[in-house]
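The values are calculated or read from the model by the stated rules, or taken from the named source; none is laboratory data. Being a predicted model, the structure only gives us computed values, none of them experimental. Ideal geometry is used to build each Cβ from the backbone, glycine not excepted, and the neighbour counts take in all protein chains shown. In case anyone asks, the SASA skips ligands and DNA or RNA and just uses the protein heavy atoms, side chains included. Shrake-Rupley method; radii C 1.70, N 1.55, O 1.52, S 1.80 Å.
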Amino acid sequence: MNVRNFLNKHMNHFLFWSGIVFSLTQLIVPMFFQNLLDIQVRALHVTLGVSIALLCFPFRQREGQEHERSFIWDVFLIAVIVLACFNVVVKALDIYMKPGGATSLDLLLGTALLIIVLEAARRTVGAAIPILVAMLFVYIYVAPYLGGLWKIRGLSFNFIMNSVYYSPLGLFGSVTGMSATFIAMFIIFGSLLSATGGGKTFIDLALALTGRFVGGPAKAAVISSALFGSISGSSVANVMVTGSYTIPLMKRLGYKPEFAGAVEAIASTGGGITPPIMSITAFMMAEFLNISYMNIIGYALLPCILFYTGVFSGVHFQTKRRGLSAVPEDEIPKWKDILTFERMAGLVIPTVVLLYLIGTGQPLLKAGFYASVSSIVVLVLSDLLKKKIKETPRKVLDALSEAGADVARIAPILISVSVLVNLIGITGIAPKISGLILKYGGSNIFIALLVATIVPFLLGTSLPVVPTYVLSVSILVPPLMKIGIDQVAAHLFFIYWAILGGVTPPTCTAAVAAASISKGNWVKTGLNAVKLGAVAFILPYFFALNPSLVGRGSAGAILSHGLTGFVGAIAIAYGFFGFGKGVMAILSRVLFFVSGILLLFPDVKLSAAGMVGVVIAFVWNKYILKQERSSLNGGVRVEKNNEA
């Protein structure tokens, strides 16, 4: 047997154990090796994360064909990674004490490592990030010859690579630091939490709550995705776990594939802003703003409620219009079968441990570690009660391996984003774009927000949530704060737009994942998801205009604006998906939509006008529907008389 065949045969086994080793390293090293410098911990993370990513994702990946691996090439690249990162570990003190003191060999290793990291990012997420880095390098060398705002002084290659490699910036910057500590920790925690069987429990809870009502399967998809999103911020993972049950159920009961997939896609997308776990971006937001994660949970709670109010309302009105059926009674789980220790403990206890530790002021890293340990303990106890303890070691190992692979998948992306943030700082692009926003937006907050939307919208169509958020925040938060937008509202604005990329064509990863289960057209699935989530695309602007909607204000203001926002989200959804035919019905729905928008404004007079408008629209639409029913019943009676 030659080397290639041997490696092909044993690669999956090797990757399985590599994932476990990576997870254990990420659990133990940041927690218990406090004597290591930050840059040394980051270098270890880069070594393992990028190396495993290269092995997990071959050089060429062709759909429908076996992936093309080049083992010798990958082994060579891994050797370079190890050498370059070991060089940083050894020279860590020198890097801190003598910034800019890289030798020619250091610069060579740094350049090679940068190229390999970008190649790993290309393999995991596509060419978008490497292209952005390449564009910034081109800009650095072209900018001295430009005029006006975009001209910068010439920067030498030595200066750039010293910053990118031989410093606690760039490849080993703060974003890499987040990846190497609490981000990896919470990915592992989420995987261990999922190993307790939380996905099926959430689906059963959702079916028990909504299954017997009109459109029950679609509503169950929304509820189960919201619940699963509370422990996993990944929209694609959410789709694959909850959608593998809810989408086939919807199709079996007569729902079109594109509609079934769209419901699951838009509902799963909201997981990124569903407390308590939310997505990685929420932990990064806490780090950027230097505030407690418990505060982030509080700020995200009302936006989450409004998001799912809009989505659930849209699904309710759309399923009612189409007359889509409920779940058969015999397929709805019984509460007594759901609310058992074996099923609930694995979800409740680790989450309570996590929130308690965060609430008492413990660092995210420590909270994530002990929450992960508690997940393993509860899993062991649960399997003991079910007399399935023999299965426990395999469950834990599978969860750790999957978590290691997930961390390796995101590590090259975050390391590349760390480089991008460093280059943005070197070039001074952020203040230049800030100047443009202030120039064209001026004091008009609406125009400024529309201009600021362009960046996350374009990035979100080709990049995952985390890089979209980090790049948007790095460039756009300062100018928005200058025109008076609350910094928490600004961060949540960009988190919202980053997660909405999951259903926004052309990439719409959540919609593509849902379409792969429903066997529907992914473009139509994405467009239907955008339509069902129309309210979600409107809400971010009002977070910026009305900080009370993100929990920034007095208790009275938060409560009052929360209530008007709740009614407004339902009204907007009815404006899109309401009932009735003819011009008058359409006009009543337009009034619903406009009134719903007014209810989201901070101004009391506008909110009052919106509430009056909703009442008028409700009475008007009800009258129209009554007239339609009367006409229909009258037509039936005439037809019966004619038959007689």
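Computed quantities for the displayed model
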| item | result |
| --- | --- |
| Residue in the stretch 175-195 that is open to solvent by 10 Å² or more (accessible area, probe 1.4 Å) and over 20 Å from the mean Cα position of the chain (by Cα) present | yes |
| Matching residues in the stretch 205-229 - criterion: being surrounded by fewer than 21 Cβ atoms within 10 Å (Cβ to Cβ) and not β-branched (Val, Ile, Thr) | Ala208, Leu209, Arg212, Phe213 |
| Residue in the stretch 332-344 that is in contact (Cβ under 8 Å) with a residue 12 or more places away in the chain and crowded, with 21+ Cβ neighbours inside 10 Å present | no |
| Unmet requirement for Arg153, which otherwise passes all of (1) exposed (fewer than 13 other Cβ atoms within 10 Å of the Cβ); (2) modelled with pLDDT of 90 or more | (2) |
| Residue check for Ala403: farther than 13 Å from Thr196 by Cα, open to solvent by less than 10 Å² (accessible area, probe 1.4 Å), part of a helix (DSSP H, G or I) and touching a residue at least 24 places away in the same chain (Cβ under 8 Å) | yes |
| Counted residues, the stretch 325-351 - those being among the β-branched types (Val, Ile, Thr) and under 14 Å from Leu249 (Cβ atoms) | 2 |
| Single unsatisfied condition, Gly100 versus (1) touching a helix residue (DSSP H, G or I) at 6+ places or on another chain (Cβ under 7 Å); (2) surrounded by 13 or more Cβ atoms within 10 Å (Cβ to Cβ); (3) of a type outside the set (Ser, Thr, Tyr) | (2) |
| Qualifying residue in the stretch 490-503 (condition: small (Gly, Ala, Ser), modelled with pLDDT under 85 and open to solvent by less than 40 Å² (accessible area, probe 1.4 Å)) | yes |
| Residue that is surrounded by the fewest Cβ atoms within 10 Å (Cβ to Cβ), among those in the stretch 364-392 that are over 22 Å from the mean Cα position of the chain (by Cα), of a type outside the set (Phe, Trp, Tyr) and within 14 Å of Phe189 (Cβ to Cβ) | Val377 |
| Matching option when the condition is under 28 Å from Leu545 (Cα atoms) and either in contact with a Cys (Cβ under 9 Å, 6 or more places away or on another chain) or crowded, with 18+ Cβ neighbours inside 10 Å (or both), among Thr269, Thr242, Thr246 | Thr269 |
| Meets criteria (open to solvent by less than 50 Å² (accessible area, probe 1.4 Å) and at pLDDT 90 or above) for Val164 | yes |
| In the stretch 517-531, the residues that are part of a helix (DSSP H, G or I) and over 18 Å from the mean Cα position of the chain (by Cα) | Ile517, Ser518, Trp522, Val523, Lys524, Thr525, Leu527, Asn528, Lys531 |
